[in-house]
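See structure below.
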Amino acid sequence: MRPVDRHETIDALRTALREARQAGQSVGVVPTMGYLHDGHLELVRRARAENDRVVVTIFVNPTQFGPNEDFSTYPRDMERDLALLDAAKVDAVFTPGVEAMYPQPLQTTISLKPLGDMLIGKVRPGHFSGVATVVAKLFNIVQPTRAYFGEKDFQQLTVIRRMVQDLNFPVEIVGVPTVREADGLAMSSRNVRLSPDDRRAARVLSAALAEGAAMIEAGEGDAARVVAQMTTTIAAEPGVALRSLDICDSRDLSVVERIDRPVVMLVTAEVGPVLLIDQREARPV
Ligand code: AMP
């Protein structure tokens, strides 16, 4: 088996991509924080199908974690990740250390107002500024033709799309539908930290989203009624503490009262030690 081409420095990655760029080949990038699961690999498969070269980045970015969040306990397994990416036939894996990405404190950052401060931005202040800034850096390092992001992190996808429009990054953003476990739980690297009881309780999130979608698709137009029903469903599961639940316009994430256009339901909940997020889109009849 060929060992996957791994680069830890920006120069090494740029050298590896130079030939492809000179030959006019397309480059797809999949930014991740590692501890890969089938959701990540779905992004890789899309990138593989649509580009000449595929780069996956693995970087647990400290600037997108708050002081009381799980940066130090975030799961990591580089050897396993590299084997999975080798099997997925990616061309290069970029695994910078914190020193390579932040050799000096940044004076330049990107924040989106109001998009980065609302919804999950309220639960995690500063998070989307950390995300937007590191993704901008990765775009400048890799200079991809296309970049792949999961719809599971719907607000993140919206933030990146908006940043690319506002700052004219020459990259096409591709959103990929959420990959789920057989019982509906959205795949996440953080799921490994759920105890067996937490893991069972976590099913209620996708179940509540399915219930909300069914109400909307059956003609319920009052967002407050949908939110109330979903809140009741989630509250019946004692292992789950709801942190936020919003029904938003799918395009700009403004919170809607009347469901008269395509919407996305966004949920954030604490399950045991883990903050889980999930999402589902729905269209009124
Ligand atoms: P992360 O490593 O959690 O930062 O995720 C890296 C990328 O994979 C992001 O664009 C996520 O939205 C995407 N992703 C994570 N989980 C899933 C999933 N279950 N289905 C599809 N994409 C996902």
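The values are calculated or read from the model by the stated rules, or taken from the named source; none is laboratory data. This one's a predicted model, so the numbers in the text were calculated from it and none came from an experiment. Quick reminder, even Gly has a Cβ in these numbers, built from the backbone with ideal geometry, and neighbours come from all protein chains shown.
So in the stretch 199-210, with the set limited to residues that are in contact with a helix residue (DSSP H, G or I) (Cβ under 9 Å, 6 or more places away or on another chain) and surrounded by 18 or more Cβ atoms within 10 Å (Cβ to Cβ), which one is farthest from Asp249 (Cα to Cα)?
First, the residues of the stretch 199-210 that are in contact with a helix residue (DSSP H, G or I) (Cβ under 9 Å, 6 or more places away or on another chain): 199, 202, 204-205, 207-209.
Those left that are additionally surrounded by 18 or more Cβ atoms within 10 Å (Cβ to Cβ): 199, 202, 204-205, 208-209.
On the way: Arg199: 30, Ala202: 25, Val204: 23, Leu205: 20, Ala208: 19, Leu209: 16 Å.
Step by step, filter the stretch 199-210, then rank; the result is Arg199.
Each row is one residue, and each column tells you yes or no for (1) within 11 Å of the ligand (Cβ to nearest atom); (2) under 30 Å from Leu112 (Cα atoms); (3) surrounded by 14 or more Cβ atoms within 10 Å (Cβ to Cβ).
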position: Leu36; (1), (2), (3): yes, yes, yes
position: Leu41; (1), (2), (3): yes, yes, yes
position: Arg46; (1), (2), (3): yes, yes, yes
position: Val54; (1), (2), (3): no, yes, yes
position: Ile58; (1), (2), (3): yes, yes, yes
position: Arg80; (1), (2), (3): no, no, no
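All conditions in (1) assigned by TED's automatic domain parsing to the domain that holds Leu41; (2) more than 11 Å from the ligand (Cβ to nearest atom) hold for Ala214, with the sole exception of (1). Out of all the residues in the stretch 79-95, is one or more assigned by TED's automatic domain parsing to the domain that holds Leu41 and in contact with a Pro (Cβ under 7 Å, 6 or more places away or on another chain)? Within the stretch 79-95, one or more residues are assigned by TED's automatic domain parsing to the domain that holds Leu41 and in contact with a Pro (Cβ under 7 Å, 6 or more places away or on another chain). For the stretch 172-189, the candidate set comprises residues that are touching a Ser or Thr at 6+ places or on another chain (Cβ under 7 Å) and not charged (D, E, K, R); within that set, the residue that is surrounded by the most Cβ atoms within 10 Å (Cβ to Cβ) is Ala186. Does Thr15 fit the bill of being modelled with pLDDT of 95 or more, in the same structural domain as Leu138 (by TED's automatic domain parsing) and under 18 Å from the mean Cα position of the chain (by Cα)? Judged against the criteria, Thr15 is not a match.
Scanning the stretch 228-249 for residues that are surrounded by fewer than 17 Cβ atoms within 10 Å (Cβ to Cβ) and either in contact with a Cys (Cβ under 6 Å, 6 or more places away or on another chain) or within 21 Å of Phe154 (Cα to Cα) (or both) returns Thr231, Ala241, Arg243, Ser244, Asp249.
Among all residues of the stretch 211-222, there is none that is under 22 Å from Leu115 (Cα atoms) and in contact with a Lys or Arg (Cβ under 8 Å, 6 or more places away or on another chain).
Select from the stretch 96-109 the residues that are part of a loop (DSSP other than H, G, I, E, B) and either farther than 23 Å from Arg53 by Cβ or not assigned by TED's automatic domain parsing to the domain that holds Glu19 (or both) and list them in ascending order. Before you say what the answer is, go through the steps one by one.
Initially, the stretch 96-109 is screened for residues part of a loop (DSSP other than H, G, I, E, B), giving 96-97, 102-109.
Gly97, Tyr102, Pro103, Gln104, Pro105, Leu106, Gln107, Thr108, Thr109 - these are the residues of the stretch 96-109 that are part of a loop (DSSP other than H, G, I, E, B) and either farther than 23 Å from Arg53 by Cβ or not assigned by TED's automatic domain parsing to the domain that holds Glu19 (or both).
Take Arg2 and tell me if it is exposed (fewer than 14 other Cβ atoms within 10 Å of the Cβ), modelled with pLDDT under 95 and out of contact with any strand residue (DSSP E or B) (no Cβ under 8 Å at 6 or more places or on another chain). Walk me through it before giving the result.
Details: exposed (fewer than 14 other Cβ atoms within 10 Å of the Cβ): yes; modelled with pLDDT under 95: yes; out of contact with any strand residue (DSSP E or B) (no Cβ under 8 Å at 6 or more places or on another chain): yes.
It is true that Arg2 is exposed (fewer than 14 other Cβ atoms within 10 Å of the Cβ), modelled with pLDDT under 95 and out of contact with any strand residue (DSSP E or B) (no Cβ under 8 Å at 6 or more places or on another chain).
One residue stands out among those in the stretch 158-191 that are away from the ligand (no atom under 12 Å from the Cβ) and aliphatic (A, V, I, L, M): the one that is nearest to Glu270 (Cα to Cα), which is Ala182. If you filter the stretch 136-170 down to residues that are within 19 Å of Arg21 (Cα to Cα) and touching a Phe, Trp or Tyr at 6+ places or on another chain (Cβ under 6 Å), you find that the one that is surrounded by the most Cβ atoms within 10 Å (Cβ to Cβ) is Phe139. What pairs can you find where one residue is in the stretch 43-62 and modelled with pLDDT of 95 or more, the other is of a type in the set (Gly, Ala, Ser) and assigned to a helix (DSSP H, G or I), and their Cβ atoms are less than 7 Å apart, with a gap of 6+ or different chains? Listed pairs, sorted by first residue: Asp52/Ala20; Arg53/Ala20; Val54/Ala47; Asn61/Gly130.
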